[in-house]
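Notes to accompany the following structure.
No lab work stands behind these numbers, since they all come straight from the coordinates. Here the structure is a predicted model, which is why all the values come from computation and not from measurement. Here the Cβ positions follow ideal geometry from the backbone for every residue, glycine too, while neighbour counts run over all protein chains shown.
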Amino acid sequence: MNKKEKFLGVVLALSTFCFAEWSGESSKPSSSHQIDGKTFWSITSPEELAWFKAQVESGEVSMNAILENDIFMGEDSTSVGSLTWTAIGASDNIVFKGVFDGNHHAIYGLKSVGSVSNHGMFGLFGIVGGQGVIKNLDLKNIDMNSGSSNEMYPCGGGLVAYLQNGTVNSSSVSGRMNASYTSFTGGLVGQNVQGTVSNSTNKVVITHTGKYTGYYVGGIVGKNGGTVSNCVNYAAMSGSGVKSIGVAGTIGGIVGYNAGGKVLECVNVGNIHLDMKTEMSTRSAEARAGGIVGFNYQGSVSQCANYGSMNAQANSELSKDYDTGESILNYSQAGGIVGVSLDGRVENVANYGSVEATCTNAENKAAAGGIVGLLNHSDVTNGYSKAFVKSSNMIGSLVGSAQDSSSFTEADFEVLLNQNESSDKIWSKCAENDLPAIASLAEYMCSEDLLSYAVPFDSTDEGTTFALSRYNKPVPHLVQVIDRDIQVMTPSSNEVVSIFDSRGKKLYQSSCGTNHQYRVTRAGQYILKMNQDVRMITVK
């Protein structure tokens, strides 16, 4: 047998080898050693991991542990353990303050469920604070679910449900998560109060079916008041909700709700879809989707890029209140970078994913923007978007709707490159296609394989919205008529778009941006001119 055949034989044996599934037992590790003056217990099995959990919950909150090999909660790397893992410390609100070092190993098949007894928290850890650190750890093939609880704002995350002020670094999570009963859900961290999450990736497909009236989901963090940096989300996420009372769902590729926190140098590749609805009710439905952040309140988003498609829908079964006759307003906002920004800042960002926001009732409020869906008392600086944007109401190549002294500027890419020739430059471009890229993210943004890592909703979903090579080819004008709105997308931002009535009277003309929308006052024939492309448009 030659070396190649021997190597393949070893790989095959390892891939088919079965382990004893965790039975719920615990056992003390046989060894520990010193690292930087601290004692670390060596974890080699599910039983030793359970022992570590028991020690922390008994009061040894600063205990440290390190994985010496991969841990399998099920029979093998493809199976999920049949026993439920209660997040460490969740039952008694115990705060872990030690160091858990995955040592670049993985825990496979972890199953965790939120419940009344653990305050609605699910994940590997419940609460991490103080100087608590989770690092160098991969959770693979997880199966996590939320359950009903008595908590006002239940949260859950693959690694940590509630991060007070600790650190999560150089870690990843993959698998499935159903977060129907949580308020804040993240692929890695449910709620980050003042902690730091960095250099980590998510491949957990998250589904929220809206059992909780208002919820926030993020590929990395559900709610963020700290810092999230250098993180990538590859997984698709979906949210829905049908209730007889008001219902609101918000999903962000990196962070669901950024409450005074910082999000920087992050990339999203996963697609996001939200479908919120109220039935037989006078209450409104709200849906917000953002490639990086769903809702940004007094926070900052900088040097980030999105490639996933955003789709937000909000509808109500009733169109009017029968008692007052007033219309029931629903709200859907979608942005390539941020769904809604209130008193926040967005700067040096790029979007290549499609954006769509719809409400079925014509009087409702749908806003879609290449960078931000709804901008309220906020600023966007140097936003670059090369994406198709669609809305049943308000639309913009950068911002769908801007309110209350908001401001936004489109990135002049050539000027930015000339201004950033120093070693700390912010913008660069990909050599293969000359597309703009954030300099610190060029390794991701210029990779031909970036989109191939996207994790779809299911095996039949392609998981990507476009190929990077698309922009090396001629892109046609895209024209659609929704109600009485004429919407046009041009391949470049400096093309002149004009709309005339049937008698030749000019109604609209603009050469700013790639997305144009004009609402006509009546049905009839209209003439659309885009440079040398002239078309007759019928509005019914």
Using the basic label-point model (7 angstrom from Cα toward the beta carbon), what is the LEU83 to GLU317 distance in nanometres?
4.5
Scoring only Lys, Arg, Asp and Glu (+1, +1, -1, -1) among other residues with Cβ under 10 Å from the Cβ of HIS105 yields -4
Within 15 Å, Cβ to Cβ, of GLY186, how many net charges do the neighbouring residues add up to if Lys/Arg are +1 and Asp/Glu are -1?
+3
Scattering from the C-alpha atoms of the stretch 255-327 alone, worked out with Debye: what is log10 I(q)/I(0) at q = 0.26 1/Å?
-1.09
Label point 7 Å beyond Cα of ASN433 along Cβ direction - residues of the stretch 337-356 with amide nitrogen under 17 Å
350-355
I need the phi-derived Karplus couplings for the stretch 154-171: 6.51 cos²θ - 1.76 cosθ + 1.60, θ = phi - 60°, integer Hz, Gly and Pro marked x.
x, 9, x, x, x, 8, 9, 6, 9, 9, 6, 8, x, 9, 10, 9, 6, 9
Along its three principal axes, how long is the stretch 157-243 when you only count alpha carbons? Whole Å, largest extent first please.
37, 23, 15
Span per principal axis, largest first, for the Cα atoms of the stretch 236-465 (Å)
64, 45, 27
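Please find the FRET efficiency linking ASN103 to GLU448, where r is the Cβ-Cβ separation and R0 is fixed at 25 Å, and quote it to the nearest 0.05.
Numbers: r = 32 Å, r/R0 = 1.26.
After rounding, the FRET efficiency stands at 0.20.
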When you count, for each residue, the other Cβ atoms within 10 Å and take the mean per peptide, how do 131-144, 439-452 rank with the highest first?
131-144, 439-452
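For VAL128, what charge total do you get from the other residues with a beta carbon under 14 Å from its beta carbon, if Lys and Arg give +1 and Asp and Glu give -1?
Net charge around VAL128: +1.
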I need two numbers for the stretch 307-347: Rg to one decimal and Dmax as a whole number, Cα atoms only, in Å.
15.1, 46
